[in-house]
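The values are calculated or read from the model by the stated rules, or taken from the named source; none is laboratory data. In this text, all values refer to a predicted model and were calculated from it rather than measured experimentally. Cβ atoms come from the backbone with ideal geometry, glycine included; neighbour counts cover every protein chain shown. Surface areas here come from the heavy atoms of the whole protein model, side chains and all, with no ligands, DNA or RNA. Shrake-Rupley method; radii C 1.70, N 1.55, O 1.52, S 1.80 Å.
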Amino acid sequence: QVQLVESGGGLVQAGDSLRLSCGASGRTFSSYAMGWFRQAPGKEREFVAVVSTGGGITYYADSVKGRFTISRDNAKNTVYLQMNSLKPEDTAIYYCAASDYSRSQESEHYKYWGQGTQVTVSS
C-alpha cells in the first residue's frame, strides 16, 4: 500500500513557475514508476508526465514538453513536477500516481493516487 500526498499548488500569473511535490508513504516507493496527471474543469483527466523507478527515464505530454520537468528522490520518497512558463490552460487539479507499469501514460495503469492539488494560472 502506498499513500500519496501532493503539495505546492496555488494561484500564479501566466509565465510564472511552480514546483509540485508528492510525498509517499511506504517502503516500496522506489519500485513504482510515478506519474503526474491533471484534470481541468469539465475535461477528462489527462497525462502530464511520468518518471521511471530510478528516475533516469521521463516522458511528457506534448502540451508541457519543454516547460515541465518531472523528477524523483527515492531517498525522500518524493516525486516533483517543476512547472515553468505556466499558461492559463495549465489550470487544473494535479494528481500524482504510482504505477507498476514502467512508463505508462494510461491512467488505468496507475494503482495509487493522491488527492490532488489545485493549480490556477491567471492571464
**Q.** Filter result (touching an Asp or Glu at 6+ places or on another chain (Cβ under 8 Å) and either under 12 Å from Val64 (Cβ atoms) or assigned to a loop (DSSP other than H, G, I, E, B) (or both)) within the range 101-118
**A.** Gly114, Gln115, Gly116
Q) For the range 5-40, how many residues are closer than 19 Å to Arg72 by Cβ and part of a strand (DSSP E or B)? A) 16
Q) Out of (1) over 18 Å from Gln3 (Cβ atoms); (2) in contact (Cβ under 8 Å) with a residue 12 or more places away in the chain; (3) acidic (Asp, Glu), the odd one out for Glu108 is which? A) (2)
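Quick one: which residue in Ala92, Ala97, Ala49 is closer than 15 Å to Thr28 by Cβ and under 15 Å from the mean Cα position of the chain (by Cα)? Break it down into steps so the answer makes sense when it comes.
Values: Ala92 fails: closer than 15 Å to Thr28 by Cβ; Ala49 fails: closer than 15 Å to Thr28 by Cβ.
Sole residue among the options that is closer than 15 Å to Thr28 by Cβ and under 15 Å from the mean Cα position of the chain (by Cα): Ala97.
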Q | Check on Ser63, touching a Ser or Thr at 6+ places or on another chain (Cβ under 9 Å) and either more than 16 Å from Ser31 (Cβ to Cβ) or not acidic (Asp, Glu) (or both) | A | no
Q | strands (runs of 3 or more DSSP E) wholly inside the range 41-100 that include at least 1 residues being touching a helix residue (DSSP H, G or I) at 6+ places or on another chain (Cβ under 8 Å), aromatic (Phe, Trp, Tyr) and open to solvent by less than 50 Å² (accessible area, probe 1.4 Å) | A | 46-51
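Looking only at the range 10-18, decide whether some residue is open to solvent by less than 60 Å² (accessible area, probe 1.4 Å), over 11 Å from the mean Cα position of the chain (by Cα), closer than 19 Å to Ser107 by Cα and among the β-branched types (Val, Ile, Thr). Quick ask: steps written out before the conclusion?
Filtering the range 10-18 for residues open to solvent by less than 60 Å² (accessible area, probe 1.4 Å) gives 10, 12, 14-15, 18.
When the remaining residues are screened for being over 11 Å from the mean Cα position of the chain (by Cα), the result is 10, 12, 14-15, 18.
In the following step, the residues that additionally are closer than 19 Å to Ser107 by Cα were identified as none.
Checking the range 10-18: not a single residue is open to solvent by less than 60 Å² (accessible area, probe 1.4 Å), over 11 Å from the mean Cα position of the chain (by Cα), closer than 19 Å to Ser107 by Cα and among the β-branched types (Val, Ile, Thr).
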